[in-house]
Amino acid sequence: MVFLSEPPPTQADLHFSLFGFPVRISPWFWAVSALMGIRGATGPADLLIWIAVIFVSILVHELGHAFAMRHYGWNARITLYQFGGLASPESNWSMQQSHNSPKSQILISLAGPAAGFMLAGLVIAVLYVAERKIGFFFGLTFGTGQPFEFRSPPHMLVHDLLFVNILWGLVNLLPVYPLDGGQVSRELFMLYSPRRGIVQSLWLSVIAGGAVPLLRSCGWSSRAYTSL
Ligand SMILES: [Zn+2]
């Protein structure tokens, strides 16, 4: 996600720099990730894999937004917090409106999910090279050769990486504000109808928002492992 307001800094924040982007991680990020993973976890290794996957995947997603912002001339910083991640422009975004175009906004929004899909693609490529196979949602399988031992650490690692980067990426593209897909649909509506675009995109957001709990009940928000 981009542009939402950031949480206040705390003393337990972790700071580092990645590809020149300052990164801040709130302690609440770890707490919420652990809470999300604890339901399906069978032990500490299982939980640690989940937290590591969430951390890497959200960081990659925000790096996608941050690199796109840099491409359009903005310095970006990344924050990971209880609601996921944020990529924010370093200077005052509204002061830069003159450089701002709907096309750049749309590409910045799409770059987050795109980065996640690329990471998933990389994981799938590794499966083919290593001749390992994994079962996924909807009867899909990725890779070739020997299946992983069910719920072994490598199986959970690969499954969680694909799960978060593919499924969450798709959900994030729904036209629901403030998800990335909602930012894209708002820009598109504004482009075609500058006066009524915001209202129309909010209506679409409300309607499509109804799909989110429906998807959740189909298991899209919990780790459901598929055996081969
Ligand atoms: Zn995003």
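Bear in mind that the values in this text are calculations on the coordinates, not laboratory data. All figures in this text were calculated on a predicted structure; none of them were measured in a lab.
Quick notes on this one:
- 0 to 90° range, to nearest 10: angle between helix 197-209 axis and the chain longest Cα axis: 20
- Sequence-distant residues sharing a close amide H with residue 133 (under 5 Å, placed H): 144, 146, 148
- Whole-number percent relative contact order across the chain, with pairs defined as alpha carbons under 8 Å at least 6 apart: 19
- Segment residue 47-residue 199, extension gain: residue separation times 0.36 nm, minus the distance between their alpha carbons: 50.5 nm
- Angle of helix 153-162 to the longest C-alpha principal axis of the chain, folded into 0 to 90 degrees and rounded to 10: 30°.
- Counting only alpha carbon atoms, the long axis of helix 44-71 and the longest principal axis of the chain meet at about 30°.
- Length released on extending from residue 6 to residue 71, taking residue separation times 0.36 nm less the Cα-Cα span: 21.2 nm
- Whole-Å distance, taken between Cα centres, linking the stretch 157-199 and the stretch 38-62: 23
- For residue 176, distant residues with modelled amide H under 5 Å away: 181, 182
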